[in-house]
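Each remark here refers to the structure printed beneath this line.
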Amino acid sequence: MIALRTSPARAQPPLASAPYDRWVTPDGEVKAEFHRVPEGILLRFPDEADFLIDLARGIAIGWPAPGTAPDHYDSLFQHGVVPMAGNHHGGLFLHGSAVAINGCAVAFIAPSRSGKTTLAGAFAKAGYPILTEDVIELVPDGANYWLQPKQSNLRLFVDSAAHLFGRTFPVDEEDNKHSFAGGEDLPFSAVACPLVQIYLLGSDHNAALAIAALDGQAALVQTLPHAFVLDVADKPRLREHFCRIAQLSERIACRRLDYPRRYDELLRVVDAILTDIEVNRNTK
Amino acid sequence: MNQNQRFQASEDVVAREVAGEMVLLDLSSGLYFGLDPVGSRIWERLSAGACSLAEVCDAIEAEFDAPRNQIDQDVRALFADLANRKLINQLAV
């Protein structure tokens, strides 16, 4: 775990170093930059927040940028700093959402803006509680991986929210999303569940609905980009992290899921996944 | 590429066999690569210690049912690809 100490908001000062790594969205937007500084690693979310990460002391000092809403600042820490520090210390965190189905966890792994939260919301609406909406934390125990519940604010695009809840919502911020307090309107699971299946969401938002089994090699290669890596130059840790994900790919069934990102298709997608899980369970 | 030139796996590569096929991660670049079952056997040889093209071809010929000239051609192509991507290093003579 890493503790957060929040300092007063400040304008982001220029940094002398060039970033050694960046998070860039598929649209080319820089979401975060990683800088080495004498005190540790400085993670900068441009115009949103800075976090100075001191791994030796297990502390992150955060400075929200002026105008950054407190819940968004907290989300940057919980969904960015915490999983990276966790993986750095030998944990297993992936970018994705998950739901509980009959006491088992099913994960949807995908980059931001791929529909994973909306899909989890559709399952919740159908009675299957959400385990997490953005960060998957897995704790290995024997042959099982226990997916940890993370009840957080659920941030949905307002059109997704309108579809799921049948009414309209105001936009909270500039990103056209609305925040729901954890558990509000949609059920969240409060207990960890063993992971039984992973779905990797395809990037074609107009694709026809299709579910295809992935072999271990494909599962590993397609899961790797969704891990949180703090220091890409720390080769011993990268090696260990790679092996942890490889082991996950060997043990947990993995599927590629393509589907059209249309609200009127969501129920059909949910049904197809439920059927697929049942078939997989019966063939084990 | 000389038949007797020796190569070894780069120390910057971590490999893992998953369901019979190898996945390589180049720690320097963050890029990863998949190998088919024959490529996986070749990688096992390379990561066990330095070996030559000829030695690897001999090993593959002993294990797989394929014409020698086809094995030579395929192994040579894979070595060239791995070397271009800096996943294996050519040893000084």
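Annotations for the structure displayed:
- The order of B:Met1, B:Met22, A:Met1 by accessible area, most exposed first and with a 1.4 Å probe, is A:Met1, B:Met1, B:Met22.
- Within the shell of other residues whose beta carbon sits under 14 angstrom from the beta carbon of B:Asp81, the net charge comes to 0, with Lys and Arg scored +1 and Asp and Glu -1.
- With the simple model of a label 7 Å out from the Cα in the direction of the Cβ, A:Lys235 to B:Asp81 spans 2.4 nm.
- Scanning chain A for DSSP H helices at least 15 Å long along the axis (C-alpha atoms) with a Kyte-Doolittle mean no lower than 0.0 picks out A:266-283.
- Shape call, the protein assembly as shown: gyration tensor on alpha carbons, a/c limit 1.5: oblate
- Scaled radius of gyration (Cα, divided by 2.2 N^0.38 Å) that chain B gives: 1.01
- Residues whose placed amide H lies under 5 Å from that of B:Arg6, excluding near-sequence neighbours: B:Leu91
- Residues A:Gln247 and B:Asp65, FRET efficiency given R0 of 30 Å [Cβ-Cβ distance, rounded to 0.05]: 0.40
- Taking every residue in A:216-225 and counting other chain Cβ atoms within 10 Å of its Cβ, the average works out to 5.
- For A:Lys235, the aspartates and glutamates whose Cα falls under 13 Å of its own Cα, not counting residues fewer than eight places away in the same chain, are B:Glu11, B:Asp12, B:Asp26.
- For A:Lys125, a cut-off of 30 angstrom between C-alpha atoms picks up these lysines, skipping any fewer than 8 places away in its own chain: A:Lys116, A:Lys150, A:Lys177, A:Lys284.
- For region B:1-41, the solvent-accessible area of protein heavy atoms averages 47 Å² per residue (probe radius 1.4 Å; ligands and nucleic acids excluded).
- Using a probe of 1.4 Å, the accessible surface attributed to A:Phe169 totals some 40 Å² when neighbouring protein chains are kept in position.
- Drop in accessible area of at least 30 Å² in the complex versus isolated chain, residues of region B:19-40, 1.4 Å probe: B:Glu21, B:Val23, B:Leu25, B:Leu27, B:Tyr32
- Dipole orientation for chain A: of the candidates A:Ser160, A:His205, A:Met84, A:Met84 has the Cα lying most toward the positive pole (charges on Cβ; Lys, Arg +1; Asp, Glu -1).
- Contour excess over end-to-end distance, with Cα ends at A:Asp47 and A:Ala126 and 0.36 nm allotted per residue: 24.7 nm
- Proximal charge balance of A:His205 [Cβ under 10 Å; K/R count +1, D/E count -1]: +1
The values are calculated or read from the model by the stated rules, or taken from the named source; none is laboratory data. Owing to the predicted nature of the structure, the values given are computational and were not obtained by experimental measurement. In this analysis, Cβ positions are derived from the backbone assuming ideal geometry, glycine residues included, and neighbour counts consider all displayed protein chains. Ligands, DNA and RNA are stripped out before the accessible areas are found, and what is left, the full protein with its side chains, is counted by its heavy atoms. Shrake-Rupley method; radii C 1.70, N 1.55, O 1.52, S 1.80 Å.
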